[in-house]
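We did not get these values from a lab; they are worked out from the coordinates using the rules stated. The shown structure was predicted, so the numbers you read here are calculated from the model rather than taken from an experiment. Heads up, the Cβs are rebuilt from the backbone with ideal geometry, glycines too, and the neighbour counts pull from every protein chain shown.
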Amino acid sequence: MTGLAEETLGENSEKLIEIRDLKYSRGHRAIFDGLNLTIRRGEITALMGPSGTGKTTLLRLITRQLIPQEGAIYIDGVDISTFNQTELYEMRQRFGMLFQNGALLTDLTVFENVAFPLREHTKLSNRLIRHIVLTKLHAVGLRGAADMLPAQLSGGMARRVALARAMVMDPEILIYDEPFVGLDPISLGVIVRLVRRLNDALGITSIVVSHDVEEISTVADRSFLLSDGKVAASGSPDELRTANSELVRQFMHGMADGPVAFHFQAPGYEEQLLGRDTE
Amino acid sequence: MKQTFSDIRNNLVEFLRTFGAFQLFFLRLVQHSPAILMTRPGLVIKQVHNAGAQSLVIIMICGLFVGAVLALQAYSNMSKFNAEDWTGVAAAFALVKELGPVMTALLFAGRAGTALTSEIGLMKATDQLSAMEMMAVNPVRRVLVPRFLGGVIAMPFLAAIFSAVGLYGAHLIGVEVFQVDVGSFWQQIQLTVEISDVNEGIIKSVVFGIAASLIAVWEGYNTVPTAEGVGRATTRTVVITAITVLVFDFMITAAMI
């Protein structure tokens, strides 16, 4: 374990998160079966895959909201399964996470939502907190919505507020869970631009889970295509687009049938229609 | 037959496991409580207000009518023995020792308990609790403990208000309607109801407050995070609280006699 850790730091300091031989199953269904991937510092890494491949589960494993049955996840070469509660919370303060639906606290205003981590973790004065929160809200273009409640926001706005909250503690790593789903084209453009701009301007590392091939291809430095609990393909968006694999082609070009079958597993069509399968 | 036995065994094991987890959960809440009370009293006060104010109107209305009906029953029976003066005493005993704490706990479960469960359940279903975890904020400390303490603190006050309003209801029926002498109505109460009777009511309301808040918070935190799951959890909160409160009521009464 420590061997790998030293090797990681020694050979390539660019590696920020390493996942080795990860196995995770829920019930009898194996979601990850020997997954290996590396996330590099300063890059935007895309995790893609058909729905149900466990992309969100992987995010929860990386942040140790879930614990894998086998394998290990290293952050800066340290196995995260060794952390106690205090160390875990210290580790999580290095992360900012944008949840699929924003996950804003419904009983607090937009301002208080963004201020929440500051109030919980720092003893900054109200003046300074106000300053920081307004700066972050300005960065996502929602300074004017500071006094609104989450219920009054549109989906796109809620996601931008959540983004402001995710970066209010100046994290090293920003995680986006399906940031592009269900947005109108304008909001979508705004979020795509924010992902790129935040990553480069703040010098952070971004992990984006998505199955929107078009959008993710415009921002990602490196993509991993997950399928059947493993990495099916990886590389830059262009490399994936021109890859030879059937599965990658099906996914990147959105074809209805292929290695991911159109039909869910079922008995023979003719037999079932003729009622022979019940005999 | 074999199947039945193994089903029973599995259910028993499952029950014991849940019960053990429930106890650990209680200890976790208690463990964090002093720190929250000292460092974040504002959070607790807000929840006392939430739980208390939500239930106040319903508790006062029910208290008034329960007191009135007690006086009605007491008067119609006592007057057979020319003991109308004792109408107030009968109502006072019933309210202070039994109906005050019990009815308050049941009403609290229906009003504030369900609100707590569905609020926490929805926070879970919409990833708000996970978001807190990700912000390195412990949701048990930040969300559950203040709500638990809010209920625990509010309940004795609510029970006291219930009994007080109930006594006024008894006064309305006994004195205003049936013309029992107002002096003997209140003096009999003062002479017969001991401080130990009041204490019994207070002890009960504290215990019920802990039980009702704990069950509401537990059900919310362990909700299956779907619309159906939240609905089921709120129903369970009411049912389990009602059973627990009545069983505890019997045990405490038996222990104090």
Surrounded by fewer than 17 Cβ atoms within 10 Å (Cβ to Cβ), closer than 26 Å to A:Asp200 by Cβ, among the β-branched types (Val, Ile, Thr) and more than 10 Å from chain B (Cβ to nearest Cβ), is that true of A:Thr122?
no
More than 14 Å from every other protein chain (Cβ to nearest Cβ), assigned to a helix (DSSP H, G or I) and within 12 Å of the chain's Cα centre (by Cα): is that true of A:Leu47 in this structure?
no
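Given the criteria in contact (Cβ under 8 Å) with a residue 24 or more places away in the chain and of a type in the set (S, T, N, Q), does B:Gln54 qualify?
Here the answer is yes, as B:Gln54 does meet what is asked.
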Does any residue of the stretch A:86-99 turn out to be part of a strand (DSSP E or B), closer than 27 Å to A:Asp212 by Cβ and away from chain B (no Cβ under 12 Å)?
no
Does the stretch B:176-201 hold any residues that are assigned to a helix (DSSP H, G or I) and free of Cβ contacts under 8 Å to residues at least 60 places away in the same chain, and which are they?
B:Glu176, B:Val177, B:Val182, B:Gly183, B:Gln187, B:Gln190, B:Leu191, B:Ile195, B:Ser196, B:Asn199
Tell me which residues, restricted to the stretch A:207-235, are under 19 Å from A:Thr63 (Cα atoms) and polar (S, T, N, Q).
A:Ser210
In the stretch B:141-174, which residues are more than 9 Å from chain A (Cβ to nearest Cβ) and either basic (Lys, Arg) or surrounded by fewer than 19 Cβ atoms within 10 Å (Cβ to Cβ) (or both)?
B:Arg141, B:Arg147, B:Phe157, B:Ala160, B:Ile161, B:Ala164, B:Tyr168, B:Leu172
Flag for A:Ser210 being within 25 Å of A:Leu35 (Cα to Cα) and of a type in the set (S, T, N, Q):
yes
Could you say which residue among A:Leu66, A:Leu104, A:Leu59 is part of a loop (DSSP other than H, G, I, E, B), within 20 Å of the chain's Cα centre (by Cα), more than 9 Å from every other protein chain (Cβ to nearest Cβ) and touching a residue at least 40 places away in the same chain (Cβ under 8 Å)?
A:Leu66
Can you spot a residue in the stretch B:48-70 that is among the aromatic types (Phe, Trp, Tyr) and either surrounded by 16 or more Cβ atoms within 10 Å (Cβ to Cβ) or touching a Cys at 6+ places or on another chain (Cβ under 8 Å) (or both)?
no
